[in-house]
1. With respect to residue 42, is the statement that it is hydrophobic (A, V, I, L, M, F, W, C), out of contact with any strand residue (DSSP E or B) (no Cβ under 7 Å at 6 or more places or on another chain) and farther than 30 Å from residue 121 by Cα true?
2. Check whether at least one residue in segment 98-105 is more than 15 Å from residue 204 (Cα to Cα), in contact with a helix residue (DSSP H, G or I) (Cβ under 9 Å, 6 or more places away or on another chain) and at pLDDT below 95, and report yes or no.
3. Among 89, 76, which is farther than 24 Å from residue 217 by Cα, assigned to a helix (DSSP H, G or I) and not assigned by TED's automatic domain parsing to the domain that holds residue 156?
4. Looking at (1) of a type in the set (A, V, I, L, M); (2) more than 18 Å from the chain's Cα centre (by Cα); (3) within 22 Å of residue 112 (Cα to Cα), which is the one condition that is false for residue 202?
5. Just one of 124, 68 is in contact with a helix residue (DSSP H, G or I) (Cβ under 9 Å, 6 or more places away or on another chain) and not assigned by TED's automatic domain parsing to the domain that holds residue 202; which is it?
6. Please give the number of the condition residue 172 fails out of (1) touching a strand residue (DSSP E or B) at 6+ places or on another chain (Cβ under 7 Å); (2) aromatic (Phe, Trp, Tyr); (3) free of Cβ contacts under 8 Å to residues at least 24 places away in the same chain.
7. Can you tell me which residue in segment 78-88 is modelled with the highest pLDDT, limited to those that are under 36 Å from the mean Cα position of the chain (by Cα) and surrounded by 10 or more Cβ atoms within 10 Å (Cβ to Cβ)?
8. Going through segment 26-54 one residue at a time, which ones are closer than 23 Å to residue 160 by Cα and surrounded by 14 or more Cβ atoms within 10 Å (Cβ to Cβ)?
Amino acid sequence: MTEMEYNAAEGIRRSDLWLIDDSPAKFKWKMEHPEEEEKTAALIFGSAAHKYVLEPEEFDREYCTAPVVDRRTKEGKKAWEDFIAANEGKTVISPDDLETMHEMASVIRETPLAARYLDGQHEVPFFWKDKETGEKCKCKADCIRAEDGRIVVVDYKTAQSAQTMKFNAEIFKRGYHVQAAMYTEGVKEALGLDYRPGFVFVVQEKKAPYAMNVIDVTEEVMDYGESVYHKLLRTYHDCKTVDIWEGYITGDVPNDSFLPTWMQAAMEDEL
């Protein structure tokens, strides 16, 4: 299944649900204005690195490397225009970024644990229907592999830091715990498994020496992600049923401010 076919297929995905966690109104806006989304350089690099590492045979179909030309000159401008015309529909990346991806892939091959977990079936789509709400869901796993006789879902992430404590914070900041719960449920339902698959992050830093980490999502984190995932799915279902997509006001009274947890703890220590 191509990325275009997967995007067009019916079903809500984790990134959609994470928008609902911010506000249903933002989710609805994004669904109705997909052209408004602009990919940042970091997002483009992350997507390209995924493709280069997981599907190198497909890389040249979706990406092209910018030629080194001086677009201030007539010759350089013409060369650039010819390059763009010859690569219509492809995402342009810099030669430096391509070299970085090459070096990152080399580090993966030289890191046995990371290479082992990424040795499986790549970019596998799954579709299922939620039993509680009846909503159609979908996900695309970076890698599916068998580990000790059980299915493990593996997700490759590029990050500023792959250090365990720092990436663990990113898991909850970016909703990766919801991703782990949703993906494993999807794989379980789609394959008819009688157990919840495992979920592992293979994390790699984007700057030399492209240090790596492999992080196993614990049952505790998975259980919490599952509760958040189903809560967000219920919110989506309820909003869709009545066609009301609220912002941050959920009633007829203002929301309250509150002390951060760290400040509450500091006040308790002072007492």
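1. For residue 42, the condition - hydrophobic (A, V, I, L, M, F, W, C), out of contact with any strand residue (DSSP E or B) (no Cβ under 7 Å at 6 or more places or on another chain) and farther than 30 Å from residue 121 by Cα - is not met.
2. Step one: list which residues in segment 98-105 are more than 15 Å from residue 204 (Cα to Cα), which gives 98-99.
Then drop every residue that is not in contact with a helix residue (DSSP H, G or I) (Cβ under 9 Å, 6 or more places away or on another chain), which leaves 98.
Subset that is at pLDDT below 95: 98.
Checked segment 98-105: at least one residue is more than 15 Å from residue 204 (Cα to Cα), in contact with a helix residue (DSSP H, G or I) (Cβ under 9 Å, 6 or more places away or on another chain) and at pLDDT below 95.
3. Numbers: 89 fails: assigned to a helix (DSSP H, G or I).
76 is the lone residue from the list that is farther than 24 Å from residue 217 by Cα, assigned to a helix (DSSP H, G or I) and not assigned by TED's automatic domain parsing to the domain that holds residue 156.
4. Residue 202 satisfies all of (1) of a type in the set (A, V, I, L, M); (2) more than 18 Å from the chain's Cα centre (by Cα); (3) within 22 Å of residue 112 (Cα to Cα) except (2).
5. On the way: 124 fails: not assigned by TED's automatic domain parsing to the domain that holds residue 202.
Being in contact with a helix residue (DSSP H, G or I) (Cβ under 9 Å, 6 or more places away or on another chain) and not assigned by TED's automatic domain parsing to the domain that holds residue 202 holds for just one of 124, 68, which is 68.
6. Of everything listed in (1) touching a strand residue (DSSP E or B) at 6+ places or on another chain (Cβ under 7 Å); (2) aromatic (Phe, Trp, Tyr); (3) free of Cβ contacts under 8 Å to residues at least 24 places away in the same chain, residue 172 misses just condition (1).
7. Ranking the qualifying residues of segment 78-88, first place goes to 87.
8. Passing the criteria: 44, 45, 46, 47, 48, 49, 50, 51, 52, 53, 54.
The values are calculated or read from the model by the stated rules, or taken from the named source; none is laboratory data. These figures come from a predicted structure and were not determined experimentally. Glycine gets a Cβ as well: all are built from the backbone with ideal geometry, and neighbour counts include every protein chain shown.
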